[in-house]
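Reading through the structure tokens given below for one structure.
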Amino acid sequence: MVVKCEDVWREISNYLEEDLEPEVKQALEQHFAQCRQCKSVRDGMRNVIELYGDKAMFPLPAGLYPRLHDRLANHIEGKRISRRAWLVSVGVTGALAASTVFAAMLDGFVPQPRSEMSQPARRLPNQLVAVVDGGKMFHLPGCPFLHGTYHMVTAEEAVREGYSPCTRCMADALHSAGNVKPDFEGEETARSESEEK
Amino acid sequence: MRNRERSEAPVVGVPRSDPGHEYEAALIVRIQNGERELFYELIQPYERRVFVITFTILRNEADAEDATQDALLKAFKYLGQFRSESRFSTWLIQVAINEARLRQRKSHFEIMRPLVDQENEDGSYTPRDFTDWREIPSEALERKEIREKLIAALGSLAQKYREVFVLRDVEHLSIEETAQALGISAGAVKTRLLRARLMLRDLLSPGLDGLWTGAGPTPKGIKPWS
């Protein structure tokens, strides 16, 4: 059986899968022995398969599993409260009370916003947000106002670095975090104060 | 060569012996009957796979992570619709692929889809480069820039090739499982797989200008593999 290079290229994938009739396989092997080009195609393809098939090829982002399990736990375990969770919640409430007192002491400290026009949200959603180096706002990935290469940080970190929430894509998240109207509270108070005068 | 999973991959056409199948079926029944926490155990072997598949389709880690979370949540929500005639892993992969495709349609980049996508897949592909390939040690993958180049090459393929390639060559599904997960024929899987492998080989070929021997950090005359 004589095969042409074109025939070899068509069957080369099946050859590496060992999915060929014995006589076709043999014919291909004879061809490889004589044809440097087809040998290059075969060796290259074998390398491609070996490399992409290696587990080291796709390292997972740091923290993928914990974030995944947190999100799943919210849905799977639901709101049922076990005794341990109850103890934890008492502890957390205590810690929150302490931190409120502590926060009141530190009330004077507000991070400097990157934009003079912006204000950080008062309560932050507990999630990862996208920021661009040199930008002023933080967003959800996919927001049309997000431009350039972004990286993910927690909302808290973003505010600490002076980013403000995007009022468009973050509106829902801020709302559910307890901000009635993100960003505009100060403005309204200022207006009503000036009206009073 | 280190842990090569390929050797464990099923031989095409021969059904893989499947001791886990019954165990999974039992787990699913228990979850459906209220032991919800067992869901973690059910999906644990596939979490990585869901991420890699959504990452290959979406080509972005952050989107892939969101898609992975959403896909697994949907799998939990719709577990009642899972029919035990099929394998749970195949069903889960279908859920993951749907989630990634859905996300992709929502984003804008469908508009900027490369022309290659419309290419006729039956047209035969002619290899362009015939430089000799040395065997590439898997240690090369420890270098980030090499992984990035491989990921970029895969990302440059049209989506239908990426999907087949990631299931068969990255996740080591059989041809039949790949066909089932994507809802296409085994013949179409083989055609697309051949094409994907040939294109990747050319993209990564040491003799072609650009990827390996072009303007990269590799000094002239030295193959990046050496």
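Summary of values
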{"read-out": "Failed condition for A:Pro61, given (1) within 12 Å of another protein chain (Cβ to nearest Cβ); (2) farther than 30 Å from A:Gln127 by Cβ; (3) not in a helix (DSSP H, G or I)", "value": "(2)"}
{"read-out": "Selection from the range A:51-84 of residues that are touching an Asp or Glu at 6+ places or on another chain (Cβ under 9 Å) and at pLDDT below 80", "value": "A:Glu77"}
{"read-out": "Output for the range A:117-176, where each listed residue is at positive phi and within 14 Å of chain B (Cβ to nearest Cβ)", "value": "A:Gly142, A:Gly148"}
{"read-out": "Test: A:Thr93 is under 26 Å from A:Gly63 (Cα atoms) and modelled with pLDDT of 75 or more", "value": "no"}
{"read-out": "Count - residues of the range A:25-58 that are within 7 Å of chain B (Cβ to nearest Cβ) and either in a loop (DSSP other than H, G, I, E, B) or over 22 Å from B:Thr131 (Cβ atoms) (or both)", "value": "6"}
{"read-out": "Failed condition for B:Arg143, given (1) at pLDDT 80 or above; (2) within 13 Å of chain A (Cβ to nearest Cβ); (3) under 19 Å from A:Ser13 (Cα atoms)", "value": "(3)"}
{"read-out": "Conditions (1) modelled with pLDDT under 95; (2) buried (at least 18 other Cβ atoms within 10 Å of the Cβ); number of the one not met by A:His31", "value": "(1)"}
{"read-out": "Subset of the range B:50-79 (residues that are of a type outside the set (A, V, I, L, M, F, W, C) and either at the interface with chain A (Cβ under 10 Å from one of its Cβ atoms) or free of Cβ contacts under 8 Å to residues at least 24 places away in the same chain (or both))", "value": "B:Thr56, B:Asn60, B:Glu61, B:Asp63, B:Glu65, B:Asp66, B:Thr68, B:Gln69, B:Asp70, B:Lys77, B:Tyr78"}
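Each row is one residue, and each column tells you yes or no for (1) assigned to a loop (DSSP other than H, G, I, E, B); (2) at pLDDT below 95; (3) more than 14 Å from every other protein chain (Cβ to nearest Cβ).
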{"site": "B:Glu35", "(1), (2), (3)": "yes, yes, no"}
{"site": "B:Glu41", "(1), (2), (3)": "no, yes, no"}
{"site": "B:Ser89", "(1), (2), (3)": "no, yes, yes"}
{"site": "B:Arg101", "(1), (2), (3)": "no, yes, yes"}
{"site": "B:Met112", "(1), (2), (3)": "yes, yes, yes"}
{"site": "B:Asp129", "(1), (2), (3)": "yes, yes, no"}
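The values are calculated or read from the model by the stated rules, or taken from the named source; none is laboratory data. Predicted, not measured: the structure shown is a model, and the values here were computed from it. Backbone-built Cβ (ideal geometry, glycine too); neighbour counts: all protein chains shown.
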